[in-house]
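Visitor: Mind looking over this structure? Questions follow.
Throughout, read-outs are computed from the coordinates displayed, never taken from laboratory work. Keep in mind it's a predicted model, so treat the numbers as computed, not measured. Virtual Cβ from ideal backbone geometry, glycine too; neighbours counted across all protein chains shown.
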Amino acid sequence: MAAQRIPRTMVAVDPPRVLVVADGEDSARAVAALLGGELAAGVRLCVRPDHAVAEAQASAAEVIVLALPSLAVVEHDAPALHASRLPASAAPTLIALCDAASVGAAAPLCRQGVIDDYVQHFPAPLDEHRLATSVRLAARIAAAGGAGITMSRVAAAPAPSQRRPVVVVVEDDQALHALMAAMLAPDVELVFESDGAAALERIHAIGPDLVLMDVGLPGSDGVAITEQIKSSPALASIPVVMLTGEARFETLMRSMEAGAADFIVKPFTRDALVAKLGKFLPAVA
């Protein structure tokens with residue numbers, strides 16, 4: 001399915017319905033405090049994981065944040081939570097919190113669709129805005145996409161088996177070029193561009209399977225370039241994943257309104273990058 005542009009008229013005004021599932025009241029409240037701000041009004045707490053499905057149905061949760069003792073518990077509970085949707089509604093988006101040691105295990109669960117996203121949180125977040133931004137992104141996809149569209153289930157058409165998928169990376173950091181090449185070889189053919197105008201020409205010329213777009217480019221704006229891609233009938237179906245050094249609400253708002261399909265926060269691990277690309281490029285594993 002092609003990445004979907006989210007028109008301004010489809011942006012939800014009401015806070016998303018968020019269920020925080022934890023194994024105790026202190027943990028649940030600590031996670032809810034991280035969301036804060038305008039999200040707080042839509043947050044409901046579940047301090048008994050065995051009651052999570054009933055709570056998800058009662059609250060018609062759009063996003064479920066799982067702050068559970070281990071990813072094994074998350075993996076066990078996730079299928080029932082995904083199936084907890086009410087009639088004529090989309091399945092809730094599942095976001096698992098994990099510590100640094102569990103990130104490597106969380107990424108495959110995301111690729112497999114067991115969970116929809118994961119955030120490294122314990123003992124300290126990599127980015128203070130990361131969890132709130134993930135919840136906002138999930139809510140916007142749910143508001144705009146209709147039934148069944150959630151973060152790990154937005155998929156592009158399979159790439160032909162005889163070739164590797166082509167990804168244009170619009171990023172001016174040469175060290176990151178080398179790192180991404182090492183992370184993704186030999187599964188993906190990477191085309192690097194450091195200049196926004198040149199990148200747009202290259203995208204028109206080769207029609208890649210996906211674009212990784214840095215938000216902040218020298219003399220350019222990655223969000224504006226994304227908007228140009230999405231305004232072109234020949235390019236609009238290409239998923240654009242934003243690369244950003246900070247997961248701030250303003251950046252998310254602009255990126256999603258421009259038509260971006262997802263984002264990844266720098267610095268990232270290979271597992272995190274592969275998990276993001278695997279949503280749109282089935283050949284990436």
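Visitor: For region 181-189, what does the Karplus curve 6.51 cos²θ - 1.76 cosθ + 1.60, with θ = phi - 60°, yield as ³J(HN,Hα) per residue in whole Hz, taken in order and with x for Gly and Pro?
Guide: Result, ordered by residue: 4, 5, 5, 9, 5, x, 6, 10, 8 Hz.
Visitor: Considering all alpha-carbon pairs of region 166-278, what whole percent are spaced by more than 23 angstrom?
Guide: Value for region 166-278: 19 percent of Cα pairs lie more than 23 Å apart.
Visitor: Determine, for His76, His177, the number of other Cβ atoms within 10 Å of each Cβ, and report the residues in order from fewest to most.
Guide: His76, His177
Visitor: Sort Met213, Met256 so that the residue with the fewest other Cβ atoms within 10 Å of its own Cβ comes first and the one with the most comes last.
Guide: So the residues, fewest neighbours to most, are Met256, Met213.
Visitor: With θ set to phi - 60° and the Karplus curve 6.51 cos²θ - 1.76 cosθ + 1.60, what are the ³J(HN,Hα) couplings of region 94-104 in order, to the nearest whole Hz, using x for Gly and Pro?
Guide: Per-residue couplings from phi come out as 9, 10, 9, 8, 8, 8, 4, 6, 9, 4, x Hz.
Visitor: Using Cβ counts within 10 Å as a stand-in for footprinting exposure, how do Thr93, Thr244 rank, fewest first?
Guide: Going from sparsest to densest Cβ surroundings: Thr244, Thr93.
Visitor: Sequence-distant or interchain residues sharing an amide H contact under 5 Å with Phe263, placed H: which?
Guide: Amide H to amide H, under 5 Å and 5 or more residues apart or across chains, Phe263 pairs with Met242.
Visitor: Tell me, what ³J(HN,Hα) does each residue in region 194-207 have, in order and in whole Hz, if you take phi through Karplus 6.51 cos²θ - 1.76 cosθ + 1.60 with θ = phi - 60° and put x for Gly and Pro?
Guide: 9, 10, x, 5, 5, 5, 4, 4, 5, 5, 4, 6, 10, x
Visitor: Can I ask one more? Would you mind calculating the gained length between Glu246 and Glu189 on full extension (0.36 nm times residue separation, minus the Cα-Cα distance), in nm to one decimal?
Guide: Gain in length upon complete extension: 17.8 nm.
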